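Below: the structure, in structure tokens.
The values are calculated or read from the model by the stated rules, or taken from the named source; none is laboratory data. Please read all numbers here as calculations on a predicted model, not as lab measurements. Virtual Cβ from ideal backbone geometry, glycine too; neighbours counted across all protein chains shown. Remember, those area values only see protein heavy atoms, side chains included, never the ligands or the DNA or RNA. Shrake-Rupley method; radii C 1.70, N 1.55, O 1.52, S 1.80 Å.
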Amino acid sequence: MRSDGYGLFVKDMAKMIRFYRDVLGFEIKEDENTDNVYLLKDGTVFLLYGKDSFEKLSSRRYEYLKEINAHSEMALYVDTYDEVDIQYKNAIQHGATSY
């Protein structure tokens, strides 16, 4: 068994598409006006689901976790430690938030 994909709910699909495509270099075939996006990076599929459209599709309401230590992480490979800093600064300059 192996992991082939990872999905995220998003509130602003166009903004997320621009970030993953233009900043992180993901391959995205859909345009910014879509409800669901399949991103491809190094053989792994990442899925972005528009939260509102997913709720309509599934006839359920989804809440983000509150007051619970819950988070998700994504690991992206770079060749050097210096590139970690470069990519981090690039992501922050393009709207990522550092915690």
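Backbone phi angles across the stretch 74-80, fed through the Karplus curve with coefficients 6.51, -1.76 and 1.60 (θ = phi - 60°), yield HN-Hα couplings of 10, 10, 10, 7, 10, 7, 9 Hz in residue order; Gly and Pro are listed as x.
Largest first, the residues 92, 28, 17 sort by 1.4 Å accessible area into 92, 28, 17.
A dipole drawn for the chain from +1 and -1 charges on Cβ atoms has a positive end, and of 8, 58, 44 the residue lying farthest that way is 58. Largest GNM mean-square fluctuation across 27, 55, 73, computed for the chain with C-alpha springs under 10 Å, falls on 73.
The portion of the accessible surface of the chain made up by carbon and sulfur, rounded to a whole percent, is 50 (1.4 Å probe; DNA, RNA and ligands excluded).
Placing unit charges on the Cβ atoms only, positive for Lys and Arg and negative for Asp and Glu, gives the chain a dipole magnitude near 420 debye about its Cα centre. Using the average count of surrounding beta-carbon atoms within 10 Å as a protection proxy, the listed peptides 48-54, 78-84, 60-66 rank, highest first, as 48-54, 78-84, 60-66. Remark: the chain carries 82 Å² of accessible area per residue (probe radius 1.4 Å; ligands, DNA and RNA excluded).
Based on the alpha-carbon gyration tensor of the stretch 1-53 and its eigenvalue square roots a ≥ b ≥ c, which shape applies: rounded if a/c is under 1.5, prolate if not and a/b is larger than b/c, or oblate? Judged from the Cα gyration tensor, the stretch 1-53 comes out oblate (a/c at least 1.5, b/c at or above a/b). Of all DSSP beta bridges confined to the chain, the antiparallel ones make up roughly 55%.
Per-residue ellipticity at 222 nm, computed for the chain from helices alone with -39500 (n - 2.57) per DSSP H run of at least four residues, works out to -7500 deg cm²/dmol. Note: the chain, Cα convex hull, 147 Å³ per residue.
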